[in-house]
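As structure tokens, the structure follows; a few thoughts come after it.
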Amino acid sequence: MYRLTEKGERIRDMFSDIAPRYDFLNRLLSFGVDRRWRRNAVKCIRWSEGGRVLDVATGTGDVALEIARQTPPSVAIVGVDFSEGMVTLGRDKVAGSPYAGRITMDIAPCEAIPFPDDTFDSVTIAFGIRNVVDRRQGLSEMLRVLKPGGRAVILEFSTPRSRLFKWIYSFYFLRVLPVIGGLFSQFSAYKYLPDSVLEFPSQEEFKALMTSVGFRDTAHRDQTFGIATIYTGEKGLK
């Protein structure tokens with residue numbers, strides 16, 4: 001069984017603690033634009049009739065539900081997350097949706113995905129890869145469970161390139177967001193968010209990391225002036 005590092009355990013516990021207000025604050029703090037980013041990311045996946053799609057760091061299931069909306073009924077979706085609190089809320093959300101029969105959710109970290117090699121048509125992860133302590137291991141696991149020819153789709157925050165927009169973004173992210181988050185949830189959790197984004201590698205650096213573990217044809221698409229980025233990578237055919 002994979003054992004999280006001390007840092008990984010702290011991050012997991014933090015997300016379990018903020019789970020009850022997580023969806024509300026996502027909408028509030030992003031002014032609702034996070035929904036569009038998720039829709040755009042899901043448009044990039046590959047699927048096949050009767051196939052399976054995996055959503056890693058699924059949280060409360062927003063991406064898993066979006067995958068269900070955009071794919072036919074024969075496609076099954078699995079969500080995994082290392083936070084029990086998130087998965088518990090996600091299961092309740094899925095149970096109340098029209099897609100309850102197509103989505104299952106389990107507790108597991110990105111670094112140890114509990115499925116055999118070559119299982120999924122696509123693997124997604126939205127706003128989760130920066131919280132994976134061992135990113136190389138996490139990406140390797142995502143690659144392992146993809147079918148040959150399958151695609152990984154990764155949505156993550158990034159730093160805008162425009163100087164003016166970067167200044168506005170940084171002011172909001174570093175000064176305003178933690179205060180608003182602290183009013184409704186934990187200040188420390190929403191202080192961690194901008195810190196983790198600023199620490200995340202550039203688009204070119206992250207694509208290089210994807211390539212180094214074996215992904216092919218890596219690409220990225222910036223969203224909303226570069227606030228977020230969608231990364232894609234493919235598993236080679238055997």
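The simple spin-label model puts a point 7 Å past each Cα toward its Cβ; for K166 and T88 those points are separated by 4.2 nm.
The lysine pair count for the chain, using Cα distances under 30 Å and pairs eight or more places apart or on different chains, is 21. Shown in residue order for region 112-127 are the 3J(HN,Hα) couplings computed by the Karplus curve 6.51 cos²θ - 1.76 cosθ + 1.60 at θ = phi - 60°: 8, 6, x, 9, x, 4, 6, 9, 10, 5, 9, 10, 10, 8, 10, 6 Hz (x for Gly and Pro).
Take the Cα of D117, go 7 Å toward its beta carbon, and the backbone nitrogen atoms of region 138-163 under 19 Å from that spot belong to 138-152. Working note: 222 nm ellipticity from helices only, DSSP H runs with n ≥ 4, each -39,500 (n - 2.57), summed and divided by the residues of the chain, gives -14000 deg cm²/dmol to the nearest 500. For the chain, the residue among M86, T229, V153 whose Cα projects farthest onto the positive side of the dipole built from Cβ charges is T229. Most simply put, the chain has about 40% antiparallel DSSP beta bridges, counting only bridges with both residues inside it. For the chain, the dipole from Cβ point charges (+1 on Lys and Arg, -1 on Asp and Glu) about the Cα centre works out to 680 debye, to the nearest 20. Taking every protein chain into account, the accessible area of the chain amounts to 46 square angstrom per residue (probe 1.4 Å).
The values are calculated or read from the model by the stated rules, or taken from the named source; none is laboratory data. The structure presented is a predicted model; accordingly, all values stated were derived computationally and were not measured. Note: ideal-geometry Cβ built from the backbone for every residue, glycine included; neighbour counts use all protein chains shown. Accessible surface is based on the protein model in full, side chains and every heavy atom, while ligands, DNA and RNA are left aside. Shrake-Rupley method; radii C 1.70, N 1.55, O 1.52, S 1.80 Å.
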